[in-house]
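Undergrad: Please read through the structure below; I'll follow up with questions.
The values are calculated or read from the model by the stated rules, or taken from the named source; none is laboratory data. Computed from a predicted structure; not experimentally measured. Using ideal geometry, Cβ is built from the backbone for each residue, glycine included, and neighbour counts are taken over all protein chains shown.
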Amino acid sequence: MLEKTRGILLHQIKYTDSGIIARLYTRKFGRQSFLIKGMRNRKAGKHNILFQPMFILDLEMYYKASREMQILKEFSVFFTPYDIHSNIKKSCVAIFLCEVLTSVLREESPHEEMFDYIEESIIYFDRCKEGFANFHIAFLAGLSSFLGFEPGPRTNKNDSFFDMTNGIFVPIPPVHGNYATGEVSNILADFFVASYDTVSNIILTGTLRNEVLETLVRYYSLHLPGLKKINSLEVLKEVFS
C-alpha cells in the first residue's frame, strides 16, 4: 500500500557496494528500515548526504507490515539541520542521541506525540546558537515521559536522593543501591521540570555534567533492559568536559 509519512533519520549502514539500509523513525509507522539501492554511487551523492542523523524527510513508501525493510518510492527534505552538521559539538550530540533513539524506539510502534517531541527538539537544537551544552540531558529527561518512566515531580526539598528503580525522589538513600548522589539528584530534579529555554540556567562544570549524563543513561538502562551500550557516550563526555 502506498503511504505518506514523515521520518527522522537515525542511522544508515552500508549495504552492498552502492546501497544503504536507512533506519528512520516515522510518525505513522514507528521505526522502520529502508533498503535504498544505488545511494552510494557518484550520481546519488547529493541525495546520500540527506540520509544523515537528524535529517527530517517527507516520505512516500510502499508499506507492508510484514516486510522487514520497506520500499521507498520518493522522498523530499522537510527540515535540513544545517547547523547541527556544521558544528562539531552539535554533531557529536546528534550522533549520541540518534544512537540512543535507535536502541529505545521499538519497530512498528508509532507514537505521534513522541515523534512530534523529537522533531520539535531537533529544530530547536539546530536553531540554538549558544547555551546548548545541557541540551542532550534535557532531551533525555523529556523523552522519559514518552517512554513511560518519567519520575514523579519532587515536591519536598528534603527528598535529596533520586531513587532510579522506582523513579521517585526520596529523603534517604534506598537500600537497593540504585540511586543518585544528593548533588546529582538535585540537578536532575531541575532538569525534569525545565524547558529547553531554561536549561541553560542550570550551571554545570564539565565533570558534573558528565556525571549527570551517566546517571540518566543508567536510569534508562534500568527501565529499558534491552538498551544497548551507547558507544558514542565517551566521545560526547570528552566534547563537553
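Undergrad: Just the residues that are in contact with a helix residue (DSSP H, G or I) (Cβ under 7 Å, 6 or more places away or on another chain) and surrounded by fewer than 17 Cβ atoms within 10 Å (Cβ to Cβ), please, taken from segment 176-185.
TA: Residue satisfying the conditions is ASN178 alone.
Undergrad: Continuing with the same structure: Got a number for residues in segment 186-220 being among the polar types (S, T, N, Q) and buried (at least 17 other Cβ atoms within 10 Å of the Cβ)?
TA: Result for segment 186-220: 3.
Undergrad: In addition: So PRO110 ticks every box in (1) assigned to a helix (DSSP H, G or I); (2) within 30 Å of GLU68 (Cβ to Cβ) but one. Which box is left unticked?
TA: Of (1) assigned to a helix (DSSP H, G or I); (2) within 30 Å of GLU68 (Cβ to Cβ), only one is false for PRO110: (1).
Undergrad: Condition check: assigned to a helix (DSSP H, G or I), under 24 Å from GLY206 (Cβ atoms) and among the aromatic types (Phe, Trp, Tyr). Does PHE125 satisfy that?
TA: Criteria met by PHE125.
Undergrad: Within segment 205-223, track down each residue that is of a type outside the set (Ser, Thr, Tyr) and modelled with pLDDT under 95.
TA: GLY206
Undergrad: Can you go through THR165, THR155 and tell me which one is in the same structural domain as ASP197 (by TED's automatic domain parsing), modelled with pLDDT of 95 or more and assigned to a loop (DSSP other than H, G, I, E, B)?
TA: Only one candidate passes the filter, namely THR165.
Undergrad: Kindly indicate whether any position in segment 51-63 is of a type in the set (Val, Ile, Thr), outside any loop (DSSP other than H, G, I, E, B) and under 22 Å from TYR15 (Cβ atoms).
TA: Here is the first cut: in segment 51-63, the residues of a type in the set (Val, Ile, Thr) are 56.
Filter once more, so that each one left must be outside any loop (DSSP other than H, G, I, E, B): 56.
If we keep only those that are under 22 Å from TYR15 (Cβ atoms) as well, we get none.
Taking every residue of segment 51-63 in turn, none turns out to be of a type in the set (Val, Ile, Thr), outside any loop (DSSP other than H, G, I, E, B) and under 22 Å from TYR15 (Cβ atoms).
Undergrad: Name the residues in segment 116-175 that are surrounded by fewer than 16 Cβ atoms within 10 Å (Cβ to Cβ) and charged (D, E, K, R), would you?
TA: ASP116, GLU120, ARG127, LYS129, GLU130, GLU150, LYS157
Undergrad: Consider GLY167 against the criteria (1) touching a residue at least 40 places away in the same chain (Cβ under 8 Å); (2) of a type outside the set (D, E, K, R); (3) on the phi < 0 side of the Ramachandran plot: it satisfies all of them except one. Which criterion is unmet?
TA: The one condition GLY167 does not meet is (3).
Undergrad: If a residue must be surrounded by fewer than 17 Cβ atoms within 10 Å (Cβ to Cβ), in a helix (DSSP H, G or I) and touching a residue at least 60 places away in the same chain (Cβ under 8 Å), how many such residues does segment 224-238 contain?
TA: Summing the residues that are surrounded by fewer than 17 Cβ atoms within 10 Å (Cβ to Cβ), in a helix (DSSP H, G or I) and touching a residue at least 60 places away in the same chain (Cβ under 8 Å) in segment 224-238 gives 2.
Undergrad: Which members of segment 1-28 meet the condition of being in a strand (DSSP E or B) and touching a Gly at 6+ places or on another chain (Cβ under 6 Å)?
TA: Keep residues of segment 1-28 that are in a strand (DSSP E or B), which gives 2-15, 19-26.
Scanning segment 1-28 gives LEU24, THR26.
Undergrad: Restricting attention to segment 197-211, does a residue exist that is under 20 Å from VAL184 (Cβ atoms), outside any helix (DSSP H, G or I), in the same structural domain as PHE146 (by TED's automatic domain parsing) and in contact (Cβ under 8 Å) with a residue 40 or more places away in the chain?
TA: Yes: one or more hits.
Undergrad: Does PHE139 fit the bill of being within 25 Å of GLU112 (Cβ to Cβ), part of a loop (DSSP other than H, G, I, E, B), in the same structural domain as ARG218 (by TED's automatic domain parsing) and not charged (D, E, K, R)? Step through it out loud before you land on a result.
TA: Details: within 25 Å of GLU112 (Cβ to Cβ): yes; part of a loop (DSSP other than H, G, I, E, B): no; in the same structural domain as ARG218 (by TED's automatic domain parsing): yes; not charged (D, E, K, R): yes.
No; evaluated as a whole, the condition is false for this residue.
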